[in-house]
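The values are calculated or read from the model by the stated rules, or taken from the named source; none is laboratory data. Every value quoted in this text rests on a predicted model; they were computed, and no experiment measured them. Reconstructed Cβ throughout: ideal geometry from the backbone, glycine too, with neighbour counts over all protein chains shown.
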Amino acid sequence: MGKNITITEKEKIELGIDEAGRGCVVGDMYIAGICLPISIKNLFRDVGVKDSKLLTPQQREKIFNIIVSRVPLALWTIIPSTLIDEENINELFINGVSLIVRRALSYFGSLLTKIVIDLTGNKSKIIDRIRDIGFRGEIIIEHKADAKYVSVGAASILAKVLRDKHIRLLEEKYGYIGSGYPSDPKTLFWIKKMVSEKSMLPSIVRRTWSTIKKIAPEYYKEKRRKTTGRQRSLLEYINCK
């Protein structure tokens, strides 16, 4: 997704990457990447691009529309809740980042000179995977990068808005869910209501989360440790859009 804009032959591109929904007990995780030409970084600061958590939903929606209309390429990948229950979430994140980097690198080639990622999981593993893909430019991976770098702030807005839309679509089928985070009393109330009134817990709920062990133990599932057999490639399960 993203509207093509004219960039000069020497225009350098910075790729910012962030996620939304990693810690949720309900719904999918979204990993987003924004390919930001260096020449419009100040424009994005001026329109209020920052860590999505510091913006209201209305502000995020407005800035989201500006972002996707101005960047040459916006990318995201969706990690389903069912897959999160089966696989290591840090490895899933690394594979999602890999897909985004591969797509951006294939699109821009040597114009892509910098990648900035909001740190989650193992920093050295993320860097090694990016180098294996063939990227030789600058890599910055830091905690709170979404508050420090405009490209990551834009990615955080993209991921958050897409995840919020995902939750609203789920609500059309399952009723009001809240934010989907275990710290949200409305989300916990919805889970308890689904169990008590419908005697069910849909697959959108992550059953390996400790929250489920506490409030709906009959549905809790211990995550399996894979010690033998072929390790399936996680790239088989997630797509980049």
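Condition check ((1) free of Cβ contacts under 8 Å to residues at least 60 places away in the same chain; (2) within 24 Å of C24 (Cβ to Cβ); (3) among the charged types (D, E, K, R)) across all residues:
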| site | (1), (2), (3) |
| --- | --- |
| E86 | no, yes, yes |
| I100 | no, yes, no |
| S106 | yes, no, no |
| I127 | yes, no, no |
| D146 | no, yes, yes |
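What helices (runs of 4 or more DSSP H), lying completely within segment 102-188, carry at least 2 residues that are assigned by TED's automatic domain parsing to the domain that holds Q58 and at pLDDT 95 or above?
Numbers: elements: 123-133, 145-148, 150-174.
Here the list reads 123-133, 150-174.
Yes or no: S106 surrounded by fewer than 16 Cβ atoms within 10 Å (Cβ to Cβ), over 15 Å from A154 (Cα atoms) and of a type in the set (G, A, S)? Break it down into steps so the answer makes sense when it comes.
Details: surrounded by fewer than 16 Cβ atoms within 10 Å (Cβ to Cβ): yes; over 15 Å from A154 (Cα atoms): yes; of a type in the set (G, A, S): yes.
Yes: the conditions hold for S106.
Mind listing just one residue for me: the one in segment 174-189 that is within 11 Å of I215 (Cβ to Cβ) and touching a residue at least 40 places away in the same chain (Cβ under 8 Å) and, of those, surrounded by the most Cβ atoms within 10 Å (Cβ to Cβ)? Even if it seems obvious, please write down each step before you answer.
The first filter runs over segment 174-189 and keeps only residues within 11 Å of I215 (Cβ to Cβ), leaving 182, 187-189.
Add one more test, that the residue is touching a residue at least 40 places away in the same chain (Cβ under 8 Å), and what stays is 182, 187.
Details: P182: 19, T187: 23.
Among residues in segment 174-189 that are within 11 Å of I215 (Cβ to Cβ) and touching a residue at least 40 places away in the same chain (Cβ under 8 Å), the one surrounded by the most Cβ atoms within 10 Å (Cβ to Cβ) is T187.
If you check every pair at least six apart or on different chains, which have Cβ atoms under 9 Å apart with a residue in segment 60-78 that is in a helix (DSSP H, G or I) first and a residue that is acidic (D, E) second?
R60/D164; E61/D164
Considering only residues that are farther than 19 Å from I117 by Cα and either surrounded by fewer than 18 Cβ atoms within 10 Å (Cβ to Cβ) or at pLDDT 95 or above (or both), which ones fall in segment 69-86?
S69, P80, S81, T82, L83, I84, D85, E86
Condition check ((1) farther than 30 Å from S210 by Cα; (2) out of contact with any helix residue (DSSP H, G or I) (no Cβ under 6 Å at 6 or more places or on another chain); (3) of a type in the set (A, V, I, L, M)) across all residues:
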residue: A20; (1), (2), (3): no, no, yes
residue: G33; (1), (2), (3): no, no, no
residue: F44; (1), (2), (3): yes, no, no
residue: I63; (1), (2), (3): yes, no, yes
residue: V71; (1), (2), (3): yes, yes, yes
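Every residue in segment 79-101 that is among the β-branched types (V, I, T) and outside any helix (DSSP H, G or I), please. Before you say what the answer is, go through the steps one by one.
Step one: list which residues in segment 79-101 are among the β-branched types (V, I, T), which gives 79, 82, 84, 89, 94, 97, 100-101.
Hit for segment 79-101 is I79, nothing else.
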